[in-house]
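S.K.: Take this structure first; my questions come after.
The values are calculated or read from the model by the stated rules, or taken from the named source; none is laboratory data. Not measured: the values here are computed from a predicted model. Methodologically, a virtual Cβ is constructed for each residue, glycine included, from the backbone with ideal geometry; neighbour enumeration extends over all protein chains shown.
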Amino acid sequence: MRLILGLALLLLLALGALGAPLVQEALGHDPFAPDLFLRHGPASPEHPLGTDELGRDLLLRLLYGARVSLAVGLATALAAAVLGTAIGLLAAWRGGALDAVLMRLADGMLALPALPVLVVLAAADTGRIGLPRGEPLSDIIRIVAILTIFGWVGVARLARAAALSVLARDYVRAARALGAGEGRILLRHVVPNIAGPIAVATALAVAGAILAESTLSFLGLGIAPPAASWGNMLSNAQDLVFSAPWAAVWPGLAILLAVAGCTLVADGLRR
Amino acid sequence: MIRLLAARLVQIAVTMAILSFAMFLLIGLMPGDPIDLAIAGDPRLTAEDAARLRALHGLDQPLLARYAAWAGGLLEGRFGHSRLFAQPVADIIAPALVSTLVLLGGALLLAGGIGIALGLLAAARPRLAPAVDAIAILGQSAPSFWLGILLIILFAVTLGWLPAGGMSETGGLDSLRFLVLPVATLAIANLAAYARHSAAAVGLTLREPWITAARARGNGEARVLLRHAFPNAAVPVLQVAALDAGALVGGALITETLFARPGMGKLIYDAVMGNDTNLALVALLLVALVTMLATLAADLAQRALDPRLRDA
């Protein structure tokens, strides 16, 4: 039930993101070109949700923003899942001092207040390593990299716990007795059997990444305009609340639906 | 207990050392050093002046030597100066920390109170559990800056009951009015975890045989819930408080920025935006330290409440 509801929500948002160019053609205007005669326009047949403070169509920016926000969420979760699974497996398999060091590192990361650290990280100048600020693709890569620094922890803890119990099973000992190499045991016997917890942790990582990206973009440290992301559509919301309250409502609602969708999927997978 | 405390304090010290080093290196990547900024503000400075200033402040030293000098100064209580505010960092941070702790305390009380009440409700009346669950999922999924914006639209713009942000100019009771919306925003964003965990913990406890025994002795349902079930469910709830300390502090950064409240979160944000690296670093480290000590306090409280945890 939860799984279906969550997947339906995410499918709806993904369809909106993919269909953005079609909607743009149907409405016939450019969501990135300012039109100062149309600032804070009300909802109308040409602009179903009205226009923003630069006269750009809100619905179209919402749909194009979905592409950026969902892409950041998925890419971060994917990177966190790969890195977290690798670290969790390594810790469970090697045990001993390496396990202790990796898990203390994970504990330390969990105990830190993530957002203030992310804010400082997001302000670092990545231009020197070839990622100039303000270009959509390099902004996305930068944010994904920063969010992955915290994202792997949840996956690694769940993967380690699950891998520990699988590694103690008889079929792993049987495989070892049959002469299977350690790499084959980990990839063919352990990973498929811990896929469940990893999927749950990954779904939660998508939710966390979408929230974190929107927060950083809201603070002006994430995806830079004119590219649209749900967070940066709210970045001057303090002014919006007086002039166009509805413009401040829609992007947040989209974030809420996306994050709730991922949380429902994670809950559904867990049962 | 003592061993645990010692081990955790060592862990906190190591985390602080790694964090400070990593952040110091990364800030080295931030655009411009303080001398560049000083030159930008005063066109009469020449390149020779800049070089002399760099040597004077040790900015011509390698990064590692600068880190050692800076970290050593912190340990001796020399926090340096803020470029942005032109004041000693310690003088800026002290009032900001107090302001943030007031915000966090209020939000923690409200989030814990409402969250636990919702959790008890869900455990005692299973028919209401789906509704509580829905509230929890919505509360967890809504970005807190957006919740704050909605509250501002409703209570400050439409109804005009409360100020949209800032601090009171008269002080006293009036400052409470400025605290309502930030505290409410932070509390709503954080109550979901308390509701979910207390519902699960109380639900488990209600299945214990001694609950049946308490009912059999003729205790009323309310008494069973509050006197028998809840105290035993308090430990998992305290664990949420420990786990969520970081999220709460992160939420404070958002609410303070949104509501223009001078506190640690806004200080870090302003320092980062204003290229005030020393202030940003010191404030970040202090916030991390306070968060980790709060987590440790919650863990110790759990052990004090539940003797079964003490051996572990």
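S.K.: Can you tell me how many residues in segment B:144-160 are in contact (Cβ under 8 Å) with a residue 24 or more places away in the chain and surrounded by 18 or more Cβ atoms within 10 Å (Cβ to Cβ)?
M.R.: So the answer is 8.
S.K.: I'd like the full set of residues that are surrounded by fewer than 21 Cβ atoms within 10 Å (Cβ to Cβ) and over 19 Å from residue A:154 (Cα atoms), limited to segment A:97-120.
M.R.: Listed by number, the list holds a single entry, A:97.
So that you can scan it fast, the table gives a plain yes or no per residue for (1) in contact with a helix residue (DSSP H, G or I) (Cβ under 7 Å, 6 or more places away or on another chain); (2) among the β-branched types (Val, Ile, Thr); (3) surrounded by fewer than 24 Cβ atoms within 10 Å (Cβ to Cβ); (4) within 11 Å of chain B (Cβ to nearest Cβ):
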site	(1), (2), (3), (4)
A:216	yes, no, no, yes
A:227	yes, no, yes, no
A:253	no, no, yes, yes
A:267	yes, no, yes, yes
A:271	no, no, yes, no
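S.K.: Shifting gears a bit: Just need a number here: residues in segment B:213-249 that are in a helix (DSSP H, G or I) and either within 20 Å of residue B:295 (Cβ to Cβ) or aliphatic (A, V, I, L, M) (or both).
M.R.: Final tally of qualifying residues: 24.
S.K.: Examine segment B:107-119 for a residue that is among the aliphatic types (A, V, I, L, M), within 14 Å of another protein chain (Cβ to nearest Cβ), out of contact with any Phe, Trp or Tyr (no Cβ under 7 Å at 6 or more places or on another chain) and surrounded by fewer than 20 Cβ atoms within 10 Å (Cβ to Cβ), and state whether such a residue exists.
M.R.: Among the residues of segment B:107-119, not one is among the aliphatic types (A, V, I, L, M), within 14 Å of another protein chain (Cβ to nearest Cβ), out of contact with any Phe, Trp or Tyr (no Cβ under 7 Å at 6 or more places or on another chain) and surrounded by fewer than 20 Cβ atoms within 10 Å (Cβ to Cβ), which makes the answer no.
S.K.: While we're on this one: Please state which one of A:55, A:84, A:88 is at pLDDT below 85 and away from every other protein chain (no Cβ under 14 Å).
M.R.: Answer to the selection: A:55.
S.K.: Okay, moving on. Check B:298, B:252, B:288 and return the single one that is aliphatic (A, V, I, L, M), more than 8 Å from every other protein chain (Cβ to nearest Cβ), assigned to a helix (DSSP H, G or I) and crowded, with 19+ Cβ neighbours inside 10 Å.
M.R.: After applying the criteria, what remains is B:252.
S.K.: A follow-up question, please. Tell me, please, whether a residue that is of a type in the set (A, V, I, L, M, F, W, C), surrounded by fewer than 24 Cβ atoms within 10 Å (Cβ to Cβ) and either facing chain A (nearest Cβ under 9 Å) or more than 21 Å from residue B:115 (Cβ to Cβ) (or both) can be found in segment B:225-238.
M.R.: The answer is no; no qualifying residue exists.
S.K.: (1) at the interface with another protein chain (Cβ under 10 Å from one of its Cβ atoms); (2) closer than 28 Å to residue A:109 by Cβ; (3) surrounded by fewer than 19 Cβ atoms within 10 Å (Cβ to Cβ): which one isn't true of residue A:257, the others all being true?
M.R.: Looking at each condition in turn, residue A:257 falls short on (2).
S.K.: So, one more: Which pairs turn up if I take residues in segment A:159-179 that are more than 30 Å from residue A:204 (Cβ to Cβ) and look for partners that are surrounded by 12 or more Cβ atoms within 10 Å (Cβ to Cβ) with beta carbon separation below 6 Å, at least 6 apart in sequence or on another chain?
M.R.: Correct list of pairs: A:175/A:185; A:175/A:189.
S.K.: Out of curiosity, is residue A:207 among the small types (Gly, Ala, Ser) and in contact with a helix residue (DSSP H, G or I) (Cβ under 6 Å, 6 or more places away or on another chain)?
M.R.: yes
S.K.: Same structure, new question: Among the residues in segment B:179-188, are any surrounded by 18 or more Cβ atoms within 10 Å (Cβ to Cβ), more than 24 Å from the chain's Cα centre (by Cα), in a helix (DSSP H, G or I) and modelled with pLDDT of 85 or more?
M.R.: No: zero hits.
A quick yes/no check of all residues on (1) within 30 Å of residue B:137 (Cβ to Cβ); (2) within 14 Å of chain B (Cβ to nearest Cβ); (3) touching a Phe, Trp or Tyr at 6+ places or on another chain (Cβ under 7 Å); (4) not hydroxyl-bearing (Ser, Thr, Tyr):
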{"site": "A:100", "(1), (2), (3), (4)": "no, yes, no, yes"}
{"site": "A:112", "(1), (2), (3), (4)": "yes, yes, no, yes"}
{"site": "A:165", "(1), (2), (3), (4)": "yes, no, no, no"}
{"site": "A:176", "(1), (2), (3), (4)": "no, no, no, yes"}
{"site": "A:199", "(1), (2), (3), (4)": "yes, no, no, yes"}
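S.K.: Exactly one of these conditions fails for residue A:221: (1) in contact with a Gly (Cβ under 9 Å, 6 or more places away or on another chain); (2) part of a loop (DSSP other than H, G, I, E, B); (3) buried (at least 24 other Cβ atoms within 10 Å of the Cβ). Give me its number.
M.R.: Among (1) in contact with a Gly (Cβ under 9 Å, 6 or more places away or on another chain); (2) part of a loop (DSSP other than H, G, I, E, B); (3) buried (at least 24 other Cβ atoms within 10 Å of the Cβ), the lone unmet condition for residue A:221 is (1).
S.K.: Of the conditions (1) at pLDDT below 85; (2) within 15 Å of the chain's Cα centre (by Cα), residue A:130 satisfies every one except a single condition; which number is it?
M.R.: (2)
S.K.: Still on this structure, please answer the following. Can you tell me which residues in segment A:241-251 are touching a residue at least 60 places away in the same chain (Cβ under 8 Å) and at the interface with another protein chain (Cβ under 8 Å from one of its Cβ atoms)?
M.R.: Within segment A:241-251, just A:251 meets the criteria.
S.K.: So the check is Cβ under 9 Å with 6+ separation or different chains; which pairs have a first residue in segment B:183-203 that's over 27 Å from residue B:149 (Cα atoms) and a second one that's part of a helix (DSSP H, G or I) and charged (D, E, K, R)?
M.R.: B:199/B:133
S.K.: Provide a single number: the residues in segment A:148-192 that are over 21 Å from residue A:103 (Cβ atoms) and within 27 Å of the chain's Cα centre (by Cα).
M.R.: The number of residues fulfilling the criteria is 2.
S.K.: Name every residue in segment B:260-292 that is of a type outside the set (A, V, I, L, M) and over 16 Å from the mean Cα position of the chain (by Cα), in order of residue number.
M.R.: B:270, B:274, B:275, B:276, B:277, B:278
S.K.: Any residue that is of a type in the set (Phe, Trp, Tyr) and within 14 Å of another protein chain (Cβ to nearest Cβ) - is there at least one of those in segment B:159-182?
M.R.: no
S.K.: Quick one: which residue in B:104, B:97, B:120 is in contact (Cβ under 8 Å) with a residue 40 or more places away in the chain, within 16 Å of residue B:188 (Cα to Cα) and of a type outside the set (Ser, Thr, Tyr)?
M.R.: Matching residue, one of B:104, B:97, B:120: B:104.
S.K.: A further question on this structure: Select, from A:17, A:97, A:86, the only residue that is farther than 29 Å from residue A:162 by Cα and among the aliphatic types (A, V, I, L, M).
M.R.: A:17
S.K.: Another one. Against the definition (buried (at least 17 other Cβ atoms within 10 Å of the Cβ), more than 30 Å from residue B:59 (Cβ to Cβ), away from every other protein chain (no Cβ under 14 Å) and in contact with a Leu (Cβ under 8 Å, 6 or more places away or on another chain)), how does residue B:191 come out, yes or no?
M.R.: Yes: the conditions hold for residue B:191.
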